[in-house]
Amino acid sequence: MDLYMMNCELLATCSALGYLEGDTYHKEPDCLESVKDLIRYLRHEDETRDVRQQLGAAQILQSDLLPILTQHRQDKPLFDAVIRLMVNLTQPALLCFGSVPKEPSLGHHFLQVLTYLQAYKEAFASEKAFGVLSETLYELLQLGWEERQEEDNLLIERILLLVRNILHVPADLDQEKKIDDDASVHDQLLWAIHLSGLDDLLLFLASSPAEQQWSLHVLEIVSLMFRDQNPEQLAGAGQGRLAQERSTDVAELEVLRQREMAEKKTRALQRGNRHSRFGGSYIVQGLKSIGERDLVFHKGLHNLRNYSSDLGKQPRRVPKRRQAARELSTQRRSALNVRLFLRDFCSEFLENCYNRLMGSVKDHLLREKAQQHDETYYMWALAFFMAFNRAASFQPALVSETLSVRTFHFIEQNLTNYYEMMLTDRKEAASWARRMHLALKAYQELLATVNEMDMSPDEAVRESSRIIKNNIFYVMEYRELFLTLFRKFDERCQPRSFLRDLVETTHLFLKMLERFCRSRGNLMVQNKRKKRKKKKKVLDQAIASGNVPHSPGELEAVWPALAEQLQCCAQDPELSVDSMVPFDAASEVPVEEQRAEAMVRIQDCLLAGQAPQALTLLRSAREVWPEGDVFGSQDISPEEEIQLLKQILSAPLPRQEGQEEQGAEEEEEEDEEEEELQVVQVSEKEFNFLDYLKRFACSTVVRAYVGLLRSYQRNSAHTNHCVVKMLHRLAHDLKMEALLFQLSVFCIFNRLLSDPAAGAYKELVTFAKYILGKFFVLAAVNQKAFVELLFWKNTTVVREMTEGYGSLDGGSSSRRAPTWSPEEEAHLRELYLAHKDVEGQDVVDVILAHLNSASRTRKQIIHHLVRLGLADSVKDFQRKGTRIVLWTEDQELELQRLFEEFQDSDDVLSNIMKNITAKRSRARIVDKLLALGLVAERRELYKKRRKKLAPSSLSNGEESLKDVSQGNLEEEEHLPEEESDEDEEKGQGSEAEQVQGSSFLSTENLGQSLHQEGFSAPLLWLQNCLIRVANDREEDGEWTVNDFRRTGVLEAVGDLVKGWRTSSFFTSLLYGYCPVLGCSQAVPLVPLTEENEEAMENKQFQQLLCKLGIRPPASEQETFWRIPAKLSPTQLRRVAASLSQAEEEKKLQPELEPKVPGEQGPNEEHCKEHRAQALKALLSARKKKAGLASSEEEETPGGNEQLKVAPKKRQLLDSDEEQEEDEGRNRAPGIQKKKRFQIEDEDEND
């Protein structure tokens, strides 16, 4: 639809409204229905807002709706309908589209709707329209709440919304181009509101307790009225120019005059324009060009100072997502009469409305009666009116509602929320940044008002200020707020004005805090620290304190006292077993695996001198874990219990680390079984202002300040003072001048010192000279300072620059681990080699006990062992609190007996785990078998996969074919037991089917039966496919698992990668990721004829395929049977030969009548001889193809029968290209076939 041509229905509806004749508007009889139709059309407009655009292009509001509003006010239904339509037409474009569209087409419609709204705003800038609205609103407000109907409240709300919509329309800067003190469209609108008396009605709504429901509407309208105003300038309107303003203007004019004079002087020193073009060329020594030669300068010497390497270069385009945020809010000075009206409005608002309205709005916000983000109007009003009050005639009583600690907390809470949302909601980061700027302005004005209260002559006001400051400075969140905002400042979302306000607010806060500290002498503040609380599961307090004996002599000295207590307790019948639970029911560790922890708890009780608790724990653990009599048998005597406790006391049980590591070692190890709780620890400490100032000494804060200093010419004098004051605090008060030793800072100083108007920036010039002087003093001592100019620095680098590099290594920092001397490393190596193979103890604990240095931690020792190359990884020292390493002598004998009983079985380890009394994990049993020397390596315990035995009646050829079909099982014999278990589970169903279907029928019988059933052609097709795949793989140099094993590749690489020698995962890596070795994938068998398809669906044919080792479809996604990739060309030819052998036997065998069992005729003996000759011919053919056939074998008659046994394959499914490839393959045997010779030879030897 063309939006510039109105729809016929809309045109008819608008024509039925009426017409304007002169200044009189004549409405049509159907005017009310036409207005309602327009409202209905707007309700069903599309995403481009076509109806709204057509009505705006037709200027319906200017030509029809406004005349109806002003001239037909008596028609109440029509008046209400027109107000509804106007509210809909004037709603903001952001509400219409939801957000600013990113698509160009929708963006064009958005701008078009915005243009129509600006035209509506200009049409409303008349006293007549607002006069009608104010009169109607006045009449409605005259009604009491008992007389006011629901329609009256709706009309009041719609009038307020209409005023809000008109004021919300942004100004068109390109069309207006108004200067200060000139009346813009917004000023004209404000003046019309003033003349109509609507401002008085707004003040009444804000001050009346009965009209609290309109408080948010009023506050929104007031904020839009003062949108472009400056509260300080508005407070001084009509009082003449102050001396401060005149001095500021004089300073600005002086700066401009000095720069103009400098430019004139520079132009005067330049040569005339008529200078010869051949003035000469110059070589600039010391300045290299693109090559290694000096730069050649082709201009006059007077232009040399302006030379730059960037001349002629294209400026680098900054992506849109990385561009700095633009300033959206602008301030301008309105016409004098408008400013006077607004000043009087502010004064009346502060005196009569501010406290009541702000309290009502705050109540709405806290009770969530407001809409989303309505708190931004509250924060704007707080900042604006408190600033106006401070600049006009400061009266704290007028703003007492928002001058409290609760208001500080409310602003800080919203500011933190906006900050977090800006970091998380990246799509709306700019909107959250604008809201955060409003909250920062409100926070700044609160601080400024409290600071102004300090200078009040009233003692009560000063005391109130002191109380507020005491509460603000005490809480840590208020002090940390500015550091957080600086560290996360993002110029892509936050404009330069935000950084300016942040710097000024920080300056004010630091100034107030410093003055408060000086007046108090000592200041106690709140300190919150997130403490990492480690809750040990097995250590008792007495054990964790370290005051327990560990040496055998001390344990022997302690035991007599414990024995006396245990004897008394053992005879005590009142000793309850239910009083103590030996396991943790809430732990993630299963109860069966918590026996080691129970053992450690018993030992802890004995070490702490708690004999009754130890005995109770022992008896409770015996009831929970009766297996293996680890905690004693059920009929144990008291004397045996005491002896068992004595053994537990002296046993080297594994226990967790008892002390927290400090500094950088504070982080817990991953293998420790402990709970970590983040506890906020609140305490009080004496505040030190310099320590707090050191928090600002970081590169992120300094970079933000330098970024604002870069625009010193556009900054106000106060902003430049705030920047220099903070940098001076860091450089002078903290003695960290090196923080500013950065090349970009020096470039700003160079531009400042060469500025003709540098006299206007005396404070900046003095500071720049101070920093440069400090740098050159340091550069005389430290020549590396020039290189340090390229980097931003932290406090550590600053100290190293000034005190010397490496000076911090020898310091007493708790976060830096002490260095290892050669003697300590030798001692550590000796201890590790001596105790690493000892069973039942932790080598790191032993090293900690024998190490001379007590300051070493477990983590430091582990990392240094890895650094010395004594261990491969930190994970080698992981400790699991659930393992049981304490083996009794009876348990070791039982394990040895079970191993000797099941060592010839297929799965030794599983049988041992099923029959052992004390249930232990698989890894613990394997470790114990290795320690006892019963096995030499872990692979001896892997599960074995047995071959399927072939029938005894099969010949040697059949057995070889059986080996081929069972090659899959042969390769899995030496796989780890975990993988073999998985393979066994996966292939359980298919193997069962194969056993049931093919255990009674051999490959020969299956082939003969299939020939008899008429499947000769499918069998021949299958044989051709197998031979073709064998030739392709031989041509490509295909290697299989057996080839890898026979040539030693798998073992050689497995030696390099520990633990992968027999891993199927490593084998799959060789197949899938080694294209150099010629590895390929499984080849599908695709039947293209109906006969072959029927054969593939035959169950007997499928049994033959399974016998041959061909894999069925693995899942629903696969359709065809596939020749596995692991079958070598030799194995494929052997399988194909078996099929041809069956066919030849069928042809050569005479038709015999059934004989009586036991009789053997000469024909049957002839068949056996013929079969043996055929198999011998097949073997010689393979050797001859590899180049190994001996002369004797070539002379045998079987050589002539080779063609009969392996006939030439028929090209049933081959294309011409495949024929050419086969011919070329036969003509030019490749080198890879010669390589295959060695592999097959080894196979035969095996």
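The values are calculated or read from the model by the stated rules, or taken from the named source; none is laboratory data. Note that this is a predicted model, so its numbers are computed, not measured. We place every Cβ from the backbone using ideal geometry, glycine too, and count neighbours over all the protein chains shown. Only protein heavy atoms, including side chains, enter the accessible area calculation; ligands, DNA and RNA are left aside. Shrake-Rupley method; radii C 1.70, N 1.55, O 1.52, S 1.80 Å.
Residues checked against (1) within 30 Å of S184 (Cα to Cα); (2) open to solvent by 50 Å² or more (accessible area, probe 1.4 Å):
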position	(1), (2)
K313	no, yes
V318	no, yes
A325	yes, no
R333	yes, yes
N337	yes, yes
L342	yes, no
S347	yes, no
Flag for S289 being modelled with pLDDT under 80, hydroxyl-bearing (S, T, Y) and open to solvent by less than 70 Å² (accessible area, probe 1.4 Å): no
Residue among R332, R326, R317, R321 that is within 34 Å of the chain's Cα centre (by Cα) and at pLDDT below 80: R321
Odd one out for H409, checked against (1) assigned to a helix (DSSP H, G or I); (2) within 20 Å of D454 (Cβ to Cβ); (3) of a type outside the set (A, V, I, L, M, F, W, C): (2)
Which ones in the stretch 695-708 are open to solvent by 10 Å² or more (accessible area, probe 1.4 Å) and either in a loop (DSSP other than H, G, I, E, B) or more than 14 Å from F482 (Cβ to Cβ) (or both)? R695, C698, S699, R703, G707
Looking at F1120, is it of a type in the set (F, W, Y) and outside any helix (DSSP H, G or I)? yes
What are the pairs with Cβ atoms under 7 angstrom where one residue, in the stretch 861-889, is more than 30 Å from Q643 (Cβ to Cβ) and the other, located anywhere, is buried (at least 18 other Cβ atoms within 10 Å of the Cβ) and at pLDDT below 65? Sequence gap at least six, or different chains. none
Condition set buried (at least 19 other Cβ atoms within 10 Å of the Cβ), touching a residue at least 40 places away in the same chain (Cβ under 8 Å) and among the hydrophobic types (A, V, I, L, M, F, W, C), scope the stretch 761-784, selection nearest to R714 (Cα to Cα): answer is L764
Cross-chain or 6+ apart pairs with Cβ under 7 Å, the stretch 1087-1098 first and open to solvent by less than 90 Å² (accessible area, probe 1.4 Å), then in a helix (DSSP H, G or I): P1087/E1093; P1087/M1096; E1091/A1017; E1091/P1018; N1092/P1018; N1092/W1021; A1095/P1018; A1095/F1101
Hey, among the residues in the stretch 410-433 that are open to solvent by less than 70 Å² (accessible area, probe 1.4 Å) and charged (D, E, K, R), which one's nearest to K362 (Cα to Cα)? E412
Being out of contact with any Cys (no Cβ under 8 Å at 6 or more places or on another chain), among the small types (G, A, S), part of a helix (DSSP H, G or I) and over 22 Å from Y120 (Cβ atoms) narrows it down to one residue among A192, A210; which is it? A210
Would you pick out the residues in the stretch 315-366 that are closer than 27 Å to K427 by Cα and in contact (Cβ under 8 Å) with a residue 40 or more places away in the chain? R321, R322, Q323, A324, A325, R326, E327, L328, S329, T330
Considering only the stretch 72-98, state which residues are without any contact (Cβ under 8 Å) to a residue 40 or more places away in the chain and open to solvent by less than 40 Å² (accessible area, probe 1.4 Å). A93
Would you mention how many residues in the stretch 382-409 are of a type in the set (A, V, I, L, M), open to solvent by 10 Å² or more (accessible area, probe 1.4 Å) and under 45 Å from the mean Cα position of the chain (by Cα)? 3
With the condition kept exactly as written, say whether any residue in the stretch 884-893 is modelled with pLDDT of 80 or more and crowded, with 17+ Cβ neighbours inside 10 Å. yes
Criterion first (of a type outside the set (A, V, I, L, M) and in contact with a helix residue (DSSP H, G or I) (Cβ under 7 Å, 6 or more places away or on another chain)) does Q413 satisfy it? no
Hey, T13 hits all of (1) within 25 Å of L167 (Cα to Cα); (2) open to solvent by less than 20 Å² (accessible area, probe 1.4 Å) but one; which does it fall short on? (1)
Find the residue count for the stretch 929-944, including only residues that are in contact with an Asp or Glu (Cβ under 6 Å, 6 or more places away or on another chain) and assigned to a helix (DSSP H, G or I). 1
